[in-house]
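Worksheet for the structure shown next.
The values are calculated or read from the model by the stated rules, or taken from the named source; none is laboratory data. Predicted model, so just to flag it, every value in this text is computed and none were measured. No Cβ is skipped: glycine too gets one built from the backbone with ideal geometry, and neighbour counts run over all protein chains shown.
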Amino acid sequence: MYGPGWRQDPQGKTRWSENGQWGDQVRDSSGGVYRDHHVPSTPPRMSAPRLSHADPPPGGGSSVIDELAAKNRQVWGDQGPGAVQQALGGMGTGGFAAILVGLAVMVFLFTVVSFVGVVALPIVGFVLYRKGRLRGVKPAVLGVAWFLCLATTLTTVDRFSGSGLPEEVEQAQAFLSLMGSDSISRICTEPYMTEQARAAMAAKEGVSGCAEAVGRIRQRLDESAFEDLGRLDMTRTDRGTYLLEDNPLGWREITISTQETYGILFHAIS
């Protein structure tokens, strides 16, 4: 009986053989080892030369990665990902442009169909109902299709219409919601809050500094409260300040402005 080693099997692959039987581990041209369960039924010939690879295959059972690697090699051979890259590279710039245009057209058509479906599906349902053809599961299918069209339409409208709030209000809401998760050292800095605003926040919390105030606020509020602060209503006054609706912070009025680098700056809190 010859010793274990790498030998060329009848399929032309470099396969591990041991105890007179072919194993399921195959070495590719780059030296990588993967599992190939298409084990030849014919045992290795006694005269089959042992190839120069000295390292035995790694032990243990087949893993998910091994299975995927085997499937990949069954499809692409030893080229692996290179075959995919070569196929994509052969498309050229025009091919990629055509794919992008095709995707854009599909999105556009899907959006148009959704808008049309919101109006057309109820009409179609009414006509089918009058003709007595709306039976069985048809009403449910029609209702689900209309709901999907409506959801897509509302999402599209919301995306393109925006919130309609002034930029400084949106940024102030975002800042308030981030007070529960962002770094305290970032919150209590000049780019976001002036010295006057930091002192006012500390006074409201009954502490000596901004960092202590933020810490106390986080102890007092839970995560959902900070999410609500991200939707806090703010009404602009004639003085240029913003009145706040009732909120867990206890703030009634703020003075804010936008800035190019950091987005929002709190000037005063009352």
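Worth a mention:
- Number of positions in region 15-28 that are farther than 14 Å from residue 43 by Cα and not acidic (Asp, Glu): 3
- Restricting attention to region 198-236, the residues that are touching a strand residue (DSSP E or B) at 6+ places or on another chain (Cβ under 9 Å) and closer than 23 Å to residue 170 by Cα add up to 9.
- Lone unmet requirement of (1) buried (at least 16 other Cβ atoms within 10 Å of the Cβ); (2) of a type outside the set (Val, Ile, Thr); (3) closer than 30 Å to residue 111 by Cα for residue 166: (1)
- Within region 105-124, being within 29 Å of the chain's Cα centre (by Cα), within 12 Å of residue 148 (Cα to Cα) and hydrophobic (A, V, I, L, M, F, W, C) holds for 110, 113, 115, 118.
- In summary, helices (runs of 4 or more DSSP H) completely within region 138-234 and bearing 3 or more residues that are in the same structural domain as residue 121 (by TED's automatic domain parsing) and modelled with pLDDT of 85 or more occur at 138-161.
- Of residues in region 235-270 being of a type in the set (A, V, I, L, M) and assigned to a strand (DSSP E or B), the one surrounded by the most Cβ atoms within 10 Å (Cβ to Cβ): 269
- Candidates in region 29-38 are the residues that are in a loop (DSSP other than H, G, I, E, B) and either modelled with pLDDT of 80 or more or basic (Lys, Arg) (or both); of these, the one that is farthest from residue 5 (Cα to Cα) is 38.
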